Each structure stands twice: as structure tokens, then as C-alpha cells.
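Trainee: My questions all concern the structure below.
Laboratory data are not the source of any read-out in this text; all were calculated from the coordinates shown. Predicted model only: the values in this text are computed from it and were never measured. Using ideal geometry, Cβ is built from the backbone for each residue, glycine included, and neighbour counts are taken over all protein chains shown.
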């Protein structure tokens with residue numbers, strides 16, 4: 001299951017041993033964990049974890065992580081094995097030929 005809240009995206013799994021759902025953010029460098037026994041508890045814990053993270057950053061003067069866009073192949077690359085060092089094509093066409 002995937003949850004979204006205020007730009008944060010989390011992946012959720014179920015742990016049979018403790019009969020609870022556990023989630024963690026997937027689109028930031030900082031991984032935030034949360035858990036709940038029901039979907040309502042899980043969503044509440046996710047929102048509370050984000051609020052706590054924002055407060056933690058604010059108290060310490062730390063900038064929140066920027067969200068990963070999910071785009072990897074728009075990154076310019078140079079000097080691939082079949083391109084000159086002046087080539088500034090993106091990885092997408094390069095990988096499409098592989």
C-alpha cells in the first residue's frame with residue numbers, strides 16, 4: 001500500500017508477528033517510520049510523524065529534505081562509451097539502446 005500526505009510518499013507493509021502495518025517514507029533522504037493497527041491509526045501516525053519531523057527541523061534550524069521527483073533518467077551524462085565527451089544527452093536515450 002502507498003500513502004501520500006503533504007508531498008510525502010510512504011510504502012506500507014503488514015507484519016504478521018505484531019499484527020500491525022508499518023510504513024516508511026520513500027521520496028526523501030530522511031526515512032520516517034510509523035505504524036498502526038488499523039488504516040485510520042496508520043494514516044494518523046503518518047501525519048503525526050510528518051508533523052514531528054517538521055517541528056524537529058524547525059527547532060534545529062535544519063531545512064526539510066526536498067522531495068525526490070522519481071525521475072532518474074533526466075540527468076545529463078557525459079562520456080558514455082559510445083558518445084564523445086561533449087555529448088550532453090540524457091540517460092534515457094542512452095539506456096533505451098541497451
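Trainee: Could you check the stretch 33-42 and list, in sequence order, the residues that are over 14 Å from residue 13 (Cβ atoms) and surrounded by 17 or more Cβ atoms within 10 Å (Cβ to Cβ)?
Mentor: Correct list: empty.
Trainee: Anything in the stretch 4-23 that is surrounded by fewer than 17 Cβ atoms within 10 Å (Cβ to Cβ) and closer than 16 Å to residue 64 by Cα? List them, or say none. Give the derivation first.
Mentor: At the first step, the residues of the stretch 4-23 found to be surrounded by fewer than 17 Cβ atoms within 10 Å (Cβ to Cβ) are 4-7, 9, 11, 13-20.
Within the stretch 4-23, 5, 6, 7, 9 meet the criteria.
Trainee: Looking only at the stretch 25-43, which residues are assigned to a helix (DSSP H, G or I) and under 19 Å from the mean Cα position of the chain (by Cα)?
Mentor: Matches in the stretch 25-43: 42, 43.
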